[in-house]
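A quick write-up on the structure given underneath.
Please treat every number below as a calculation from the coordinates, not as lab data. Just so you know, these numbers come straight off a predicted model, no measurement behind them. For neighbour counting, all protein chains shown are included, and Cβ atoms are generated from backbone atoms with ideal geometry for every residue, glycine included.
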Amino acid sequence: MNKPGFVYFMANRKHGAIYTGSTSNLVKRTYQHRNGHIDGFTKEHICKLLVWFEAYDNIDEARLRELQIKKWKRELKIKRIEDENPGWRDLWFEIVK
């Protein structure tokens, strides 16, 4: 049985730093970013806001999509966020309900 997968953007503020990642457990991974448990970009840039995500049937699909998205220009990432989340609100509270 395949694990589900997610591709997501973490940000530090509207139009600020944007991190692209993939995971099989979006709640756990977002919690880790929010609390500084993962060293690297999100910790250095204080990216604690989950501003966008897509769900996939399996983690392999999500990882492939992550690699595609990482090639995008910043403007396209911002457009994707603002098409679905124009206020850049933190989606954390929606995924932990």
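Observations on the model:
- Cα-centre dipole for the stretch 5-95 with unit charges at Cβ (Lys and Arg positive, Asp and Glu negative), debye to 20: 360 debye
- GNM result for the chain, Cα springs below 10 Å: residue of Lys79, Lys14, Lys71 fluctuating most strongly: Lys71
- The chain - Rg and Dmax from Cα coordinates, angstrom: 12.5, 38
- In the chain, helices alone account for a calculated mean residue ellipticity at 222 nm of -11000 deg cm²/dmol, with every DSSP H run of four or more residues adding -39,500 (n - 2.57).
- Applying a DSSP loop filter and a limit of 13 other Cβ atoms within 10 Å to the chymotrypsin sites (Phe, Trp or Tyr not before Pro) in the chain leaves Trp72.
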